[in-house]
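**Student:** Below is one structure. I have some questions about it.
The values are calculated or read from the model by the stated rules, or taken from the named source; none is laboratory data. In this text, all values refer to a predicted model and were calculated from it rather than measured experimentally. Neighbour counts are summed over all protein chains in view; Cβ atoms, including those assigned to glycine, are modelled from backbone coordinates with ideal geometry.
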Amino acid sequence: MTPYTRSTLPEAWLLKRILFAALLALGIVLYVLEGFFPPLVPVPGAKLGLSNILVLFTMLFLGYGAGIFLAIARSILGSFIAGTLFAPGALLSLAGGLVSALVVALALKKLCPPLGLVGVSILGAIAHNVTQLVVAYFLFVQISGLFYYLPFMLVLGLISGLITGLIAVYLFERLRRELELA
Amino acid sequence: MRRTLSVLKIFIFIVLALSLVFLYLQGRVAVVQEEHYLLGTYFRIKAQSRSHDQAQRAVHEALAEAKRLSEEFSRIGAGSLGALNRYGASESVRLSDDVFTVLEAAERYRELSGGAFDHTIGKIVDLWGFTQDWDRAGVGRIPSADELQPLVEEPRQISLDTTAKTARLSSPNIEVDLGGIAKGYIVDRVVEILKKHELDSALVDAGGNIRVFNDRPRKVLWFEDRRPFRIGVQHPRDESKILGVLEIWGDHALATSGDYQRCFFADALKNIFPCRYADEPDKIRYHHIIDPKTGQPARGLISTTILAPTAMEADALSTAVFVLGEQKGLALIESLPNVEGILVTDNGRIVVSSGLKDINFPTELP
Amino acid sequence: MRELLRTVSRYLTWGDYLVIALVLLGTAATIPLLHQTAEASGRWAIVRLDGQIVHQLSLAQDYEVTVTGPAGETVIQVQNGRVRVLRSPGAQEICMRQGWIHKPGQVLICLPNHVTIEIPGDSGVDAISR
């Protein structure tokens, strides 16, 4: 997918900064809000990952670097606000978010066209889940039974990636139309 | 049209994903395993059921019952058996239902085995040092003939009153020790509870005293997974080996009595050495299965494994057969329905009863 | 909602479908993992005190672990992928004399201190009559 940003968005430095700040703020809010709800399924680290939509968006409009930066900042600031900064879960989510952002960036760069936003989003979600599992394995519970969760993680990644991907596609279309009109 | 098709595709994928989850849930069999320390040994329950909750509940209830019973059967504790041992020689003691049932059964097995199984020789066993806390602090000793003789010669009668559920001992030299049979009884009660909860199958292992049942084979869709329980029989001279494996279908119990379970060695100077499986050169093994007629450890067999319908029967018979020896022991096994045995003699022969002729056990100790 | 679905179906590319199919295949391939319990591997030792799991020891590193039971301290040593009991209270010293264990299904039992150490896995038998 060719980055939309360069040609259509005004090249104003200020506008980019404002957009990034807004996206980051939204990402943090979604990240924190999501942490408040009880997990949908009793699997550690299983989340819908709505804030990943923001990562995807940032990459599309502001470039890959900005997206990766947003993923890191969102995890750190989000855990800070939620008060879980030094809990083991924060490290897991940071690692998951970072690897997921890298995978999304790579997929956008190398695998689009054949892949759409949904496919990219699914890959990102699975990368997020599997990374958490691997990090948890090496850092905390060294029991092989942890990989018992692998099929769960794949299905959950598929479902959450599908949902966030679809939302991203919808929003992206809407936004593109608005921008074109403007 | 194309759009609806695409939506349909997504729908099909979701259904596919859900059916994978369903398939997993279908084939899942919950296995609950719990272990506790009871009666001076480990007590393990492994239960299999389609519902994890159900298995968990059953195992918890069974363990609670086992715990309660193990206190009842402490021969020195606060239960009615402890009371019988303290006051039974001077007055009739009211026993709890469980203790009375087991005491009655013990009397039956004493008669059946012609006195080879004897639950009244607690004092003699104590003289050898095989006390209740043998595992923690037990030190063996060889009692003198003077010490043993009066206890062995003493007629040890217990009069039971079935209606009042009381018992009375004929002499203060009697100490009732139901350890050789209570373990089996507890295993049977535990199995009863597990069966009441309609579990698919379960294994109860009280320190090598085992009962299994296999009521329903597990099913994955239309595949039936029929599998017997595989129970190894301990090699009496090598801890890390088993003599062979018995494949058990349905509901059966196994118990083994061996001279390696609680023992000590003594050399010519009567120095005592700790128990082990392997024989020690120039040392004599003294073990806890005492022949009531002599007051000495029973000789001739080194291990007896009994297969019986209930764990209590297997428990009592393994001791009885051990004391009776090869000939009389085999005769006793053959005289009882649904009871089989594997005997190892002190010269290393492995003898099996008629019902086990086609199992692939070696005939000599490997 | 209808509009959303329409947009969505338009923007799901064949690559997306491929990804979904691959993930489903991957899930199917890893489903057998679900039927394994945490115990199935064999490079682990489970330490129980009074039947409760107190440690899951990896056999990949060398170290010692101390478990405090009713009779005192049981010191467990892990070395070269094997486990043994270094010290444990009890006159018979049975679990120390058992030496090293490393095969699935092997068990060390320190009765006086209510400690068992088990290498989980299938040893071929469900129990041993001993």
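**Student:** Of the numbered conditions (1) over 18 Å from residue B:42 (Cα atoms); (2) away from every other protein chain (no Cβ under 11 Å), residue C:67 satisfies every one except a single condition; which is it?
**Tutor:** Of everything listed in (1) over 18 Å from residue B:42 (Cα atoms); (2) away from every other protein chain (no Cβ under 11 Å), residue C:67 misses just condition (1).
**Student:** Picking from B:323, B:339, B:344, which residue would you name as being in contact with a Ser or Thr (Cβ under 6 Å, 6 or more places away or on another chain) and either surrounded by fewer than 19 Cβ atoms within 10 Å (Cβ to Cβ) or of a type outside the set (S, T, N, Q) (or both)?
**Tutor:** Working: B:323 fails: in contact with a Ser or Thr (Cβ under 6 Å, 6 or more places away or on another chain); B:339 fails: in contact with a Ser or Thr (Cβ under 6 Å, 6 or more places away or on another chain).
It is B:344.
**Student:** OK, next. Count, please, the residues in segment B:347-361 that happen to be in contact with a Lys or Arg (Cβ under 9 Å, 6 or more places away or on another chain) and buried (at least 19 other Cβ atoms within 10 Å of the Cβ). Step through it out loud before you land on a result.
**Tutor:** Residues of segment B:347-361 that are in contact with a Lys or Arg (Cβ under 9 Å, 6 or more places away or on another chain), as a first pass: B:348.
After this cut, where a residue has to be buried (at least 19 other Cβ atoms within 10 Å of the Cβ) as well, the list is none.
Final tally of qualifying residues: 0.
**Student:** Return yes or no: is residue B:311 touching a residue at least 60 places away in the same chain (Cβ under 8 Å), within 21 Å of residue B:152 (Cβ to Cβ) and of a type in the set (Gly, Ala, Ser)?
**Tutor:** Judged against the criteria, residue B:311 is not a match.
**Student:** Let me ask you something else. Does residue B:364 satisfy the criteria of being touching a residue at least 12 places away in the same chain (Cβ under 8 Å) and surrounded by 13 or more Cβ atoms within 10 Å (Cβ to Cβ)?
**Tutor:** no
Residue-wise test of (1) more than 10 Å from every other protein chain (Cβ to nearest Cβ); (2) small (Gly, Ala, Ser).
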{"position": "C:80", "(1), (2)": "yes, no"}
{"position": "C:84", "(1), (2)": "yes, no"}
{"position": "C:89", "(1), (2)": "no, no"}
{"position": "C:94", "(1), (2)": "no, no"}
{"position": "C:98", "(1), (2)": "no, no"}
{"position": "C:102", "(1), (2)": "yes, no"}
{"position": "C:115", "(1), (2)": "no, no"}
{"position": "C:118", "(1), (2)": "no, no"}
{"position": "C:129", "(1), (2)": "no, yes"}
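Listed here are the residues, each with its yes/no results for (1) modelled with pLDDT of 80 or more; (2) assigned to a helix (DSSP H, G or I); (3) under 30 Å from residue C:57 (Cβ atoms); (4) not basic (Lys, Arg).
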| position | (1), (2), (3), (4) |
| --- | --- |
| A:109 | yes, yes, no, no |
| A:128 | yes, yes, no, yes |
| A:133 | no, yes, yes, yes |
| A:136 | no, yes, yes, yes |
| A:147 | no, yes, yes, yes |
| A:167 | yes, yes, no, yes |
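**Student:** Also, I was wondering about something else. If a residue must be among the β-branched types (Val, Ile, Thr) and under 12 Å from residue B:194 (Cβ atoms), how many such residues does segment B:40-83 contain? Step through it out loud before you land on a result.
**Tutor:** Of segment B:40-83, the ones among the β-branched types (Val, Ile, Thr) are B:41, B:45, B:59, B:76.
Among the residues that remain, those that are also under 12 Å from residue B:194 (Cβ atoms) are: B:45, B:59.
Within segment B:40-83, residues that are among the β-branched types (Val, Ile, Thr) and under 12 Å from residue B:194 (Cβ atoms) number 2.
**Student:** Considering (1) exposed (fewer than 15 other Cβ atoms within 10 Å of the Cβ); (2) among the aliphatic types (A, V, I, L, M); (3) under 27 Å from residue B:328 (Cα atoms), say which one residue B:139 fails and leave the rest.
**Tutor:** All conditions are met except number (3).
**Student:** Take the residues in segment B:315-364 that are touching a Gly at 6+ places or on another chain (Cβ under 6 Å) and among the aliphatic types (A, V, I, L, M); name whichever of them is nearest to residue B:206 (Cα to Cα).
**Tutor:** That would be B:321.
**Student:** In segment C:44-64, which residues are charged (D, E, K, R), surrounded by fewer than 19 Cβ atoms within 10 Å (Cβ to Cβ) and within 14 Å of chain B (Cβ to nearest Cβ)?
**Tutor:** C:50, the sole residue that qualifies.
**Student:** Further question: Can you name the residue in segment B:49-63 that is surrounded by fewer than 19 Cβ atoms within 10 Å (Cβ to Cβ) and not charged (D, E, K, R) and, of all such residues, is farthest from the other protein chains (Cβ to nearest Cβ)? Please lay out each step first, then the result.
**Tutor:** Going through segment B:49-63, the residues surrounded by fewer than 19 Cβ atoms within 10 Å (Cβ to Cβ) turn out to be B:50-54, B:56-57, B:60-61.
Next, only the ones that are not charged (D, E, K, R) stay: B:51-52, B:54, B:56, B:60.
On the way: B:51: 16, B:52: 12, B:54: 18, B:56: 14, B:60: 12 Å.
Per the criteria, the residue is B:54.
**Student:** If residue B:295 passes every condition in (1) touching a Gly at 6+ places or on another chain (Cβ under 6 Å); (2) modelled with pLDDT of 90 or more but one, which one does it miss?
**Tutor:** (1)
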